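Working notes, structure below.
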Amino acid sequence: MPKTLAELILSRQSDRDVKAGDLVIVPISRVMVHDSVIDAVMAGLKELGKATVWDTSKVGVFVDHAAPAPTPVVADSHRVLREWVRAQGIQTFYDAGEGVCHQIMVEEGYCEPGTVIVGSDSHSNSYGAVGSFGAGMGATDIAVALGLGRTWLRVPESIKVTFTGTLRRGVTMKDAIMRVVREIGTDGARYACVEFHGVGDLPQGDRITLAGMTTEMGAKAGIVVGTPEAPAWLRPDADAGYVRSVHVDLSTLEPQIAIPPRVDQVSDVSDAVGIPVDIVFLGSCTNGRLVDMQQAAAVLRGRRISPRVRLEVVPSSRRQFEDAMADGTLGVLSAAGAVIGSSGCGPCLGRTGGVLAGQEVCFSTANRNYRGRMGSPDASIYLGSPYVAAVAALTGVIDDPRPYLEAGEAGFDALVARRRTERGDRGAASERSGDRSRELVMAMGGARHGPEVRGMDVDD
């Protein structure tokens, strides 16, 4: 039978010819576990009578969700986790500050294309960025996977998403995946595998954004077709069967935002222009990479964020952090007034690094905006791209980033002044001691517009 990527991978791994709806038992190439569920996972292993994991070389453990530890209770849990890792002899261990599990799993090459990888986090779908069948599971299933080295799955139906055209300046693949979520909905891909066609040659980071946000549609997995890492056999058949097809023309796409409290309540940014913002978060496994920080720097270079806004930047891994330091991007963001956090999940899930107060409005580049996600259930979270986030930090309101990117110096400043005036006194102000942005940027040899990006177009 003609096969989708999910059917191909699960047929190969189960050593039998399978189709959507079949039940399979498959070996696992790697299991990912993070700090938030480690206590339950260790308890599950104990209940199974398993003193050790099945293969220490195929287990990755991460301290990233509540890291560095925000409370004594969490610190005790981290201590137990570290002791367990040492006792098990697990070598693939990334402690607090190393970064988000999903980013590291992909960028460090732990995801083998065409294999099954399970993780204790719902965004383990991210591993489809390189052609893996990545799936998130609960603590009990992860304990079984750790103890036995295999798991059972129902072969998912597949949804085909085809991208055509080329993104315009100021529009990103975050906007593209949000448009897909807008079309499919939060449960429209329940237990399905979402295949992305036409974008296999995108930078790895963009592919992580696509695959990871299939979780927000209820998908079991999300896989990008035709990536550089994928072997020749890992391509769906031309006449494979799909339960649904979605087409997005990138050349006509506008910046998208998700309006709280639903990630599928997506609109063109023009529908939300002028909404005041108190805090902007740039980071997470969705948009915490170098290119995301460079896009924000393209807007903020040589300028200071609105005195009524707090900007928090959390690189998704230490590698991304160091690359952003090396090319001056973090210097630009810091000079603009950003708080730079240690690499990890940070404020994304409201456990550490800057939670939201009641009534605050946040603009976030992460992946979820339901009530209570980042702190108080009375706060509001809008989602969007780094470009929109940077403009919100600069002006204090949500706005379309394209006029800013296309304006000259005078026009740019006029846009900022206009939006700040329109916002008025809505929101809480924060007094800052001086504004050293221009002298800092000039000391680094930077110009006011357009970050110096070595060998990379910030619009990629």
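The values are calculated or read from the model by the stated rules, or taken from the named source; none is laboratory data. Just so it is clear, the structure is predicted and the values come from calculations on it, not from any experiment. Using ideal geometry, Cβ is built from the backbone for each residue, glycine included, and neighbour counts are taken over all protein chains shown. The protein model used for the area step is the full one, side chains on, heavy atoms only, and it has no ligands, DNA or RNA in it. Shrake-Rupley method; radii C 1.70, N 1.55, O 1.52, S 1.80 Å.
Some values worked out for this structure:
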item	result
C-alpha long axis of helix 38-48 to longest principal axis of the chain, angle in °	10 degrees
Residues Ala357 and Thr421, FRET efficiency given R0 of 25 Å [Cβ-Cβ distance, rounded to 0.05]	0.50
Chymotrypsin sites (Phe, Trp or Tyr not before Pro) restricted to DSSP loop in region 189-251 with at most 11 other C-beta within 10 Å	Trp233
Mean separation of Cα contacts under 8 Å (6+ apart) over length of region 102-157, as relative contact order %	28 percent
Where Cα atoms sit under 22 Å apart: lysine pairs in the chain separated by 8 or more or lying on different chains	11
Simple label model, 7 Å out from Cα along Cβ direction - Tyr191 to Met1, nm	1.6 nm
Alpha-carbon centroids, region 242-272 and region 341-407: separation in whole Å	17 Å
Sequence-separation-based contact order of region 224-359, relative, with Cα cut under 8 Å and 6+ spacing, percent	19 percent
Mean separation of Cα contacts under 8 Å, 6 or more apart, over the residue count of the chain: relative contact order %	17 percent
Pairwise FRET efficiency - Ala238 versus Asp271, Cβ, R0 = 41 Å, nearest 0.05	0.60
When the chain is reduced to its Cα atoms, the Kirkwood hydrodynamic radius in Å	22.4 Å
Cα gyration tensor category, rounded, prolate or oblate, for region 79-164 with a/c compared to 1.5	oblate
DSSP beta bridge pairing in the chain, given as percent antiparallel to the nearest 5	20 percent
Heavy-atom accessible surface of the chain: percent carbon and sulfur, 1.4 Å	49 percent
Label point distance in nm, Thr52-Leu148, each placed 7 Å from Cα along Cα→Cβ	2.1 nm
Rounded tilt (10° steps) of 290-300 against the dominant C-alpha axis of the chain	10 degrees
